[in-house]
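What follows is a set of notes on a single structure, which appears directly below.
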Amino acid sequence: MTKVFYRDVKSLYPKAVSAHGMYLTDSQGKQYLDMSGGAASASMGHGHPQVIEAMHRQIDQVAYAHSGFFTTDPQEQLAELITQQFQEANSYVYFSSGGSEANETALKMAWQYWRQKGQPKKVKIISREHSYHGNTLGALSVSGNLPRRRSMDNILLDWPRTKACYRFRLGAEHASEEAYCSYLIDELETLINKEGAETIAAFIAEPIVGASLGVVPAVEGYFSRVRDLCNAHSILLISDEVMCGIGRTGSYFAHQQEGVIPDMVTLGKGIASGYQPLAATLVREEIHQHFVQTEGFKHGHTYVGHATACAAGLAVHTLLLNEGVLENVSPRGEYFRKALKHQFSAHPHVGDIRGRGLMIGIEFVKDKDTFAPIEDAVALPSQIKKAAMNHGLICYPGGGSSQDGLSKHILLAPPYILEDRH
Ligand code: PLP
């Protein structure tokens, strides 16, 4: 009898006993092809000798030193590498242990930034419907993901949300992408004016919506117009790249493909490829300088900048940036999408196969001609996850059951070491 309070209390899980490259093996000797990298985390695949070796070396030197007393080489070097990728290289990185923490950190930075600037009323965070920013209370409060909010909607912080940018399902009646984009920007501006810009601290969005909608990029021009609105109303722009950052979509940051520079970027998952829990909040110099010159930033967890986690992250970044792994993402993604389309496009319930780089979503529909959504009493994506696992394949289910899931999909986010044969 297990004493573990499982994530899904109604499920029994196979026991993973080894993992190498694209595969995990359970205690029965069954192999699973990891086509979702866990939850889009295992960017370098499993058991990579260089990452393991870097962690061993760090554990032998200093496994952990509290960030309130010390800094360490891996923390310094990893921050340097991340900021070198940002358009504003003179930026700063605050490390944490998971994507939710990275977003909590960003929210607190936004609040304290405005408070210390003498604008304590700037507290609201605008987010988007059908978004996901994490499971801690602050991060869940700004998430528009109904299946994940449902059990505690009445106690979460209640801030304004604007519409998701999701032309496939929500914007089809607009004549063009441009018209849809203008409609969304007008809606956002109306919301800002209604709430009052003097009460809004930040706008947070995923450049490519992952778990809530199943890999949905914004229409062209959307983010640059959001950036203009944020500038005009003194609202900080937070780009949540916990899932879509660190090369997942073919560029180091997802926002690079939108032509904008956010004020903060949150990173997680692929940052240390799941070898250690690690995440980061990247901020522009002006925000960091502001804290240097005022009361400082009041925050902190026990494992901020964890040395072994940063060593894993550093090894991942060496592979990604210096050993050609990032260059593999776009071509492998393109091949993979083509192969999926070839195999599944004709299926009566496959409505859309989409994505960027190695972040791919397959959305299911009831009717291919009308794109009518699947109405299922038990969540279809979870059933597909189970069936796939029976066949030795791991894919990530999304969308919940019919009462609150807008898009029923599975997410494929394999390690970047994927080869065409997989
Ligand atoms: N933000 C996004 C976009 C995510 O996809 C996730 C997790 O799926 C999170 C935040 C939360 O990250 P974590 O589960 O590491 O706390």
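The values are calculated or read from the model by the stated rules, or taken from the named source; none is laboratory data. All values derive from a computational prediction rather than experimental measurement. Cβ coordinates were reconstructed from backbone atoms using ideal geometry, including for glycine residues, and neighbour counts include every protein chain displayed.
Is at least one residue of the stretch 110-125 at pLDDT 95 or above, touching a strand residue (DSSP E or B) at 6+ places or on another chain (Cβ under 9 Å) and assigned to a strand (DSSP E or B)?
yes
I need the full set of residues from the stretch 231-242 which are away from the ligand (no atom under 11 Å from the Cβ), part of a strand (DSSP E or B) and touching a residue at least 60 places away in the same chain (Cβ under 8 Å), in order please.
Leu236
Of the residues in the stretch 126-135, how many are within 14 Å of the ligand (Cβ to nearest atom) and not in a loop (DSSP other than H, G, I, E, B)?
Qualifying residue count for the region: 2.
Tell me, please, whether a residue that is in a helix (DSSP H, G or I), surrounded by fewer than 15 Cβ atoms within 10 Å (Cβ to Cβ) and away from the ligand (no atom under 15 Å from the Cβ) can be found in the stretch 151-165.
Yes: one or more hits.
Hey, any hits in the stretch 395-406 for a residue that's assigned to a strand (DSSP E or B), under 24 Å from Ser251 (Cβ atoms) and at pLDDT 90 or above?
Yes, the conditions are met somewhere in the stretch 395-406.
If Ile353 satisfies all but one of (1) in a helix (DSSP H, G or I); (2) aliphatic (A, V, I, L, M); (3) surrounded by 15 or more Cβ atoms within 10 Å (Cβ to Cβ), what's the number of the condition it fails?
Result: Ile353 passes all but (1).
Within 16 Å of the ligand (Cβ to nearest atom), among the small types (Gly, Ala, Ser) and more than 30 Å from Arg57 (Cβ to Cβ): which single residue out of Gly171, Gly138, Gly99 fits that description?
Gly138
Confirm whether Leu107 is within 16 Å of the ligand (Cβ to nearest atom) and either modelled with pLDDT of 95 or more or surrounded by fewer than 23 Cβ atoms within 10 Å (Cβ to Cβ) (or both).
Answer is yes for this residue.
In this structure, is Val283 closer than 19 Å to Ala110 by Cα and either within 11 Å of the ligand (Cβ to nearest atom) or crowded, with 24+ Cβ neighbours inside 10 Å (or both)?
yes
If only one of Gly305, Gly245, Gly313, Gly270 is small (Gly, Ala, Ser), outside any helix (DSSP H, G or I) and either surrounded by fewer than 24 Cβ atoms within 10 Å (Cβ to Cβ) or within 16 Å of the ligand (Cβ to nearest atom) (or both), which one is it?
Gly245 is the lone residue from the list that is small (Gly, Ala, Ser), outside any helix (DSSP H, G or I) and either surrounded by fewer than 24 Cβ atoms within 10 Å (Cβ to Cβ) or within 16 Å of the ligand (Cβ to nearest atom) (or both).
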